[in-house]
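Below: the structure, in C-alpha cells.
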Amino acid sequence: MYTVAKFVHIFGVVLLLGNFIVTALWKTRADRTGTPTAIAFAQRAVVQADRAFTVPGILLILVGGYAMALRRPFPLHGLPWLDWGQGLFYAAVLIWLGLMVPSQRRLVELTAGGHAPDLGGSEFRRVSRRWAMGGGIATLLLVVVLYLMVTKP
C-alpha cells in the first residue's frame, strides 16, 4: 500500500510541476510570435492543460502524500521538513487558484476571436506579467517542496 501511495504522490508531482513548466514555455513562445491565432491558442491550451494535469496533479499529491503519512505513519505536523513542505505546497496552490487562474481566464477573454492583443503596454501585457510572476513564484515554491520531500532535512 505504501509503495502505491508513493507512486501516486510522485506521479502527481510530475504532472503538476511538469505542467507549470511546460505551459509557461508554451505561453511565452506563443506571445513572442506576435501572431494572434498562436497567442489565442496558447491561452486556451494553458487552461485546458490545467484541467488535464494541474488539477489531477494536486489531487494525486494530496491523496498519495496523506496516504503515505498514514501508512508509515508519519505525523502530519511536528517534522519541520513536512510542515514547511505542506505550507509551501498550499501556498503554491493558493497562488495558482487566486492569481493564475483568474489571469488565465482574462487572457483567454482578451485573445478571444483571434483578435491581436496589443503586446505593448496593454492590459494583455499586465495580465501576462501577473500570470508569469505568480507562476514563477508558485513553481519555485514547488521546487523547494520537492527538495524538502526528497532530502527531509
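The values are calculated or read from the model by the stated rules, or taken from the named source; none is laboratory data. This one's a predicted model, so the numbers in the text were calculated from it and none came from an experiment. Because the Cβ atoms are built from the backbone with ideal geometry, glycine has one as well, and the counts that use them run over all protein chains shown.
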Next on the checklist: If I go through the stretch 128-153 residue by residue, how many of them are touching a helix residue (DSSP H, G or I) at 6+ places or on another chain (Cβ under 6 Å) and modelled with pLDDT under 95?
Outcome noted: 3
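Taking the stated definitions as given, is D31 touching a Leu at 6+ places or on another chain (Cβ under 8 Å), closer than 30 Å to S122 by Cα, surrounded by 14 or more Cβ atoms within 10 Å (Cβ to Cβ) and not small (G, A, S)?
On the way: touching a Leu at 6+ places or on another chain (Cβ under 8 Å): yes; closer than 30 Å to S122 by Cα: yes; surrounded by 14 or more Cβ atoms within 10 Å (Cβ to Cβ): yes; not small (G, A, S): yes.
Yes; evaluated as a whole, the condition is true for this residue.
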Checklist entry - Assuming Y66 fulfils every condition listed in (1) under 19 Å from L148 (Cα atoms); (2) among the aromatic types (F, W, Y); (3) surrounded by 17 or more Cβ atoms within 10 Å (Cβ to Cβ) apart from one, which condition is it? => result (3)
Checklist outcome for this item: Checked R130, R126, R105, R51 against criteria (without any contact (Cβ under 8 Å) to a residue 60 or more places away in the chain, surrounded by 15 or more Cβ atoms within 10 Å (Cβ to Cβ) and basic (K, R)); the one match is R130
